[in-house]
Amino acid sequence: QVQLVESGGGLVQPGGSLRLSCAASGIIFSAYNMCWYRQAPGKQREMVAFITGAGNRNYTDSVKGRFTISRDNAKKMVYLQMNSLKPEDSAVYYCLARGRLMDYWGQGTQVTVSS
């Protein structure tokens with residue numbers, strides 16, 4: 001049974017930081033590309049950051065220089081360090097494991113950036 005469980009969301013003031021974590025089980029973790037997506041109310045889900053099994057990274061333009069994705073294959077964990085947060089970063093953040101044949105989603109964690 002595949003499970004992706006996100007944690008670390010919450011309420012933070014503009015300019016603050018949060019670190020999201022995603023714990024994976026039931027998959028050969030190193031074989032999957034791992035992504036963070038987000039979805040704000042009334043908007044489409046968008047990819048925020050992407051990391052391959054080998055550690056190559058990519059980011060959407062709006063978070064470059066502020067967010068960092070990383071992974072620990074031994075622990076089957078993927079992280080999203082979010083700095084200099086802005087109100088427009090508020091959304092539900094989802095972890096995605098993207099494989100050759102199957103994709104697996106987590107349940108999401110809410111991030112709210114507000115003063």
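With pairing defined as another cysteine C-beta under 4.7 Å, the cysteines of the chain that fail it are CYS35.
With the alpha-carbon atoms of segment 1-58 aligned to their principal axes, the span from lowest to highest coordinate is 36, 24, 23 Å, starting with the largest.
Of all DSSP beta bridges confined to the chain, the antiparallel ones make up roughly 95%. Taking K and R as +1 and D and E as -1, what net charge do the other residues with C-beta under 13 Å from the C-beta of ALA40 add up to? Around ALA40, the charge tally is +1. Looking at the chain, the pairs of alpha carbons with a distance over 22 Å make up 26% of the total. Gain on full extension, evaluated as 0.36 nm per residue between ARG100 and ASN83 minus their Cα-Cα distance, stands at 3.0 nm. Only lysines eight or more places from LYS86 in sequence, or on another chain, were considered; those with a Cα closer than 17 Å are LYS43, LYS64.
For the options ALA74, ALA54, ALA31, a Gaussian network treatment of the chain with springs between C-alpha atoms closer than 10 Å singles out ALA74 as fluctuating the most. The residues of the chain expose, per residue, 53 Å² of accessible area to a 1.4 Å probe. In loop segments of segment 61-115 as defined by DSSP, the trypsin sites (Lys or Arg not before Pro) with at most 13 further C-beta atoms inside 10 Å of their C-beta are LYS64, LYS75, ARG100.
The values are calculated or read from the model by the stated rules, or taken from the named source; none is laboratory data. This structure is a prediction, so every number in the text was calculated from the model and none was measured. When we count neighbours, we look across all protein chains shown, and the Cβ atoms used for this are built from the backbone with ideal geometry, even at glycine. Just the protein is used for accessible areas: all its heavy atoms, side chains included, with ligands, DNA and RNA removed. Shrake-Rupley method; radii C 1.70, N 1.55, O 1.52, S 1.80 Å.
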